[in-house]
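Chemist: Attaching a single structure in structure tokens format; questions to follow.
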Amino acid sequence: MNENDLDAASRPFSSPALHGSSAAQPAPAPGPPRLHLLALNPTDSVTEGFLPAAARLGLAVTLLTDQPDAHARAYGLRDDAQRGAARREEARRSEARRGGAQPGEARRGEAPRSDGPQADAPRGDAADAPPPPFPALDIVPCDVRDFAEVISRIAADGRPHAVFTNSDHLQTQAALAAAYFGLPGKDWRAALRTKNKAELRRALAAAGPDAADTAWSADTAWSADPVWSADPVWSADPVWSAELATGQDPATLAGLDAPYPCVVKPREGVASEDVVLVGDADELVRRCREIRARRPGAALVIEEFLEGELRTLETLGDGRTLHVLGAFRTELSPPPHFIEERLHLLPAPPPQPHTDQVLAQLRALGVGFGVCHTEYVVQGDRARLIEVNYRAIGDQCDLVLAELLGIPLFEYILRTHLGEPLPDDLGARTDGRVRMEYVMADRAGRLASAPPASVTERDGVRLDYRPLRGIGEEHPLHRTNRDFLGVLRATGTDQERIDAAVAEFLAAHRWEIV
């Protein structure tokens, strides 16, 4: 037997057909449902949230990514994981063609297939050990930004049970792939118009005042089932905007009748990267040229500057029920840049009338399936949208939210993409509070000293500090969340105690950049 022939162990020694047998072969046992997950770089949301949730749901996962090596390292896979991935994939397809094991199912005489840390776990008594943190996982190289390539790779892997992504950049591709295979998913048009900030502004402006005639209202409880309200809760309140199209010369903006100061941002940008406040036409042209030097040919959006308290609304829907999971108040760095420095979870119930207005605008955009993170500014009794991110809130806020609500949040999100309805009541706690504090670099250089990871609990406050940059690493100053040196997650039920504990922690530690 050739040790490089992966099929040899399960292939019959001789074919029954050669002996004239017409006996029907037994039908293969069904394998676990397979989730096809699209990703770019590894994120905490996937590593600590969605992959463990998939394991708890008994799913096998095919992870399609353009950065397979980075994911292999993030999940602690063996050095030969990527070399063996293509061979395992071909072996599965060969067996499926022969009527053998299904994707994700162990072949006869083998242990269940896994590329994760659990692959080398001891046998025997270890069968009673807790389940592994990762599901049966295949990492498949793919140009995930190309929806046609995504569909092709999924089709080659066998019929999927669900297609999902938590990436800002890949929502439209995942939605198109889910629609192609007839699977539950987001409306690809809603995914596109929320990702494309110019299209988002056009869609909201076109919605008109009639968009509020039948608006979602969720004012009965923090995680309430929405009811239909006949009272207008939002009338069209367009944010002034203009678009610098792909390849268009920034000089054409010199005569733009913009309401200065205004904000320039990449049309499909994330994490406040290259988002800047400009004061006049000359600065507008100059800033656009600077951004274009970093992003050649990129489309940009120029928007009205919305002053006011910045808040978020976190929602989860199944196309029938829309739950409000929570809301945060966000504190930003001083202009001209917009970096999130800290977030506070707002107490339940969600603030009105702003929550109803945001829900009405989401409905006008076609948003209502899966998880969504929306940012808006409070101006008196008006909620004016900044952006809609059709995925879970990031930077570990989703992990904390699941912990505070006391619900299997990541499982709920995946279940919607498996076609399962959400319960009418998620059973979420409403007394939890959190402060997310991000320690940021204030200059370029090498991180010379910083506190290690730690978890402490005192006076009803739990402090969980996680470094985000290793000592000795050298980085430029990005003026985005890539400047984060660490994140402090402070949770409890008393906001004053939480704030005092955070202040004490920050005063007791030093982060030194040289």
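The values are calculated or read from the model by the stated rules, or taken from the named source; none is laboratory data. Keep in mind the model is a prediction, meaning the values are calculated, not measured. Every residue, glycine as well, gets a Cβ built from its backbone with ideal geometry; the counts of neighbours run over all protein chains shown. The protein model used for the area step is the full one, side chains on, heavy atoms only, and it has no ligands, DNA or RNA in it. Shrake-Rupley method; radii C 1.70, N 1.55, O 1.52, S 1.80 Å.
Chemist: Mind ranking 268-279, 244-255, 493-504 by how tightly packed they are, going by the mean number of other C-beta atoms within 10 angstrom, highest first?
Modeler: Details: 268-279: 18.8, 244-255: 13.5, 493-504: 15.9.
Per-residue Cβ counts within 10 Å, averaged per peptide and sorted highest first, yield 268-279, 493-504, 244-255.
Chemist: How large a share of the accessible area of segment 351-401, in percent, is made up of carbon and sulfur atoms when the probe is 1.4 Å and the other protein chains stay in place? Present the calculation step by step, with values, prior to reporting the outcome.
Modeler: Details: 520 of 1100 Å².
Carbon and sulfur: 47 percent of the exposed surface of segment 351-401.
Chemist: While we're looking at this one, here's another question. What does the charge count near Ala327 come to, summing +1 for each Lys or Arg and -1 for each Asp or Glu among other residues with Cβ under 10 Å from its Cβ?
Modeler: Result for the local shell: +1.
Chemist: Hey, what do the phi angles of segment 158-173 turn into as Karplus ³J(HN,Hα) couplings, whole Hz, using 6.51/-1.76/1.60 and θ = phi - 60°, x for Gly and Pro?
Modeler: Using θ = phi - 60°, the values come out as x, 4, x, 9, 7, 10, 8, 8, 10, 7, 4, 7, 10, 5, 5, 4 Hz.
Chemist: State whether segment 168-211 is rounded, prolate or oblate according to the following rule on the C-alpha gyration tensor (a ≥ b ≥ c being the square roots of its eigenvalues): a/c under 1.5 gives rounded; otherwise a/b larger than b/c gives prolate, and the remaining case gives oblate.
Modeler: Working: a/c = 4.22, a/b = 1.88, b/c = 2.24.
Oblate is the answer for segment 168-211, as a/c is 1.5 or above yet b/c matches or exceeds a/b.
Chemist: Using packing as a proxy for protection, rank 188-198, 289-299 so that the peptide with the highest average count of other Cβ atoms within 10 Å comes first. Write down the numbers at each step before the final one.
Modeler: Working: 188-198: 21.5, 289-299: 13.5.
Taking the mean over residues of other Cβ atoms within 10 Å, the ranking is 188-198, 289-299.
Chemist: Hey, another quick one. Among 321-333, 468-480, what's the highest-first ranking by average C-beta atoms within 10 angstrom per residue? Numbers along the way, then the final one.
Modeler: Working: 321-333: 20.4, 468-480: 14.3.
Going by the mean number of other Cβ atoms within 10 Å, highest first, we get 321-333, 468-480.
Chemist: Does segment 369-514 come out rounded, prolate or oblate by the C-alpha gyration tensor, with a ≥ b ≥ c the root eigenvalues, rounded set by a/c under 1.5 and, if not, prolate when a/b is larger than b/c and oblate if not? Mind showing how you got there, number by number?
Modeler: Values: a/c = 1.85, a/b = 1.51, b/c = 1.22.
Judged from the Cα gyration tensor, segment 369-514 comes out prolate (a/c at least 1.5, a/b above b/c).
Chemist: Residues of segment 432-514: accessible area per residue at 1.4 Å, in Å²?
Modeler: Values: 4270 Å² over 83 residues.
Here the residues of segment 432-514 average 51 Å² of exposed surface.
Chemist: Does segment 350-412 come out rounded, prolate or oblate by the C-alpha gyration tensor, with a ≥ b ≥ c the root eigenvalues, rounded set by a/c under 1.5 and, if not, prolate when a/b is larger than b/c and oblate if not? Before the final figure, lay out the partial values.
Modeler: Working: a/c = 2.05, a/b = 1.64, b/c = 1.26.
Prolate.
Chemist: Continuing with this model, one more query. Calculate what fraction, in whole %, of the accessible area of segment 422-510 sits on carbon and sulfur atoms when a 1.4 Å probe is rolled over the protein chains.
Modeler: 46
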